[in-house]
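The values are calculated or read from the model by the stated rules, or taken from the named source; none is laboratory data. Model, not experiment: these values are computed from the prediction. So basically every Cβ, Gly included, is an ideal-geometry build from the backbone, and we count neighbours across all protein chains shown. To get the accessible areas, we keep the full protein, side chains included, count just its heavy atoms, and leave off ligands, DNA and RNA. Shrake-Rupley method; radii C 1.70, N 1.55, O 1.52, S 1.80 Å.
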Amino acid sequence: MPGYQTQQETVAIAGVADLLIRCLLDRQQFADPLGEAHRLGISSASWPLFGLLWPSGAKLAARLALRPVAAGERILEIGCGLALASLVGHRRGADVTASDCHPMAGAFLLENLRINGLLPMKYRHGQWGVPADTMPAGTAPVVDGLFDLIIGSDLLYERDQQGNLAAFIDLHAAAGAEVWIVDPDRGNRPAFNRQMADLGFDRQEERLSHSLPDVDPALPAYKGRLLVYRRASGRGAR
């Protein structure tokens, strides 16, 4: 027994075949026998959050399902959790790299690729605010290189006064890159918007609600927004 319980859920995203997702049974699950999560700063309370399906993740996956697949375009999902959006993009033939800081995220991604009959895809450790050379031994290879589209969902759940998330995005955003963040109206959004603006990103916002016919109607009601950032004219990748 792995020390935690799981279940499988079928997720319907318009435009792609349904995905079967192995996820944690509930928010009460926890297993860190070797202290891997603890060494990465992940508490017992936050440990199960990576392994649950969230409405914002479904919204992000639904939006990516509508984006035409472009040859040569590199996509990075940050804070991917169960990587629903990455799996949708991968199934459609996009060049996607999923990333998360949780030590179990890569293993869950491997299993979800297997049960859906999908080819392997890239996974990297992505943890903003922590230097790569301080990662514990055994951590997956870290995110590197530049990407044309960086995506994430519900990333603004805690205060980030140092702007670590914005700096991480800036580090990996190619010239002309676009950034999509689906946010369920978190209170930390204004500070993040300022940090991105300071780094040379313009912003557009689109209100999202569960009335749009793009996700499984069985999911809970949703209110939030899609934040789209683009590098301002004349600003290149760092």
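Of all residues in the range 20-48, those satisfying the criterion of being aliphatic (A, V, I, L, M) and either surrounded by 15 or more Cβ atoms within 10 Å (Cβ to Cβ) or in contact (Cβ under 8 Å) with a residue 24 or more places away in the chain (or both) are LEU20, ILE21, LEU24, ALA31, ALA37, LEU40, ILE42.
Filtered by the rule that a residue be open to solvent by less than 40 Å² (accessible area, probe 1.4 Å) and either under 14 Å from the mean Cα position of the chain (by Cα) or closer than 24 Å to TRP180 by Cα (or both), the range 124-144 gives HIS125, GLY126, GLN127, VAL143. For the range 138-166, the set of residues classified as in contact with a His (Cβ under 9 Å, 6 or more places away or on another chain) and of a type in the set (Phe, Trp, Tyr) consists of PHE147 only. If you go through the range 134-192 and keep only what is out of contact with any Phe, Trp or Tyr (no Cβ under 6 Å at 6 or more places or on another chain), in a loop (DSSP other than H, G, I, E, B) and of a type in the set (A, V, I, L, M, F, W, C), you end up with MET135, ALA137, ALA140, VAL143, LEU146, LEU155. Among the residues making up the range 153-176, those that are open to solvent by less than 40 Å² (accessible area, probe 1.4 Å) and under 15 Å from GLU77 (Cα atoms) are SER153, ASP154, LEU155, LEU156, LEU165, ALA166, PHE168, ILE169, ASP170, HIS172, ALA173, ALA174. Among the residues examined, LEU87 does not qualify as among the hydrophobic types (A, V, I, L, M, F, W, C) and farther than 30 Å from GLY35 by Cβ. Tally time: how many residues in the range 102-122 are touching a residue at least 40 places away in the same chain (Cβ under 8 Å) and open to solvent by less than 40 Å² (accessible area, probe 1.4 Å)? Residues in the range 102-122 being touching a residue at least 40 places away in the same chain (Cβ under 8 Å) and open to solvent by less than 40 Å² (accessible area, probe 1.4 Å): 5 in total.
All conditions in (1) surrounded by fewer than 17 Cβ atoms within 10 Å (Cβ to Cβ); (2) at pLDDT below 95; (3) in contact with a Lys or Arg (Cβ under 7 Å, 6 or more places away or on another chain) hold for LEU208, with the sole exception of (1).
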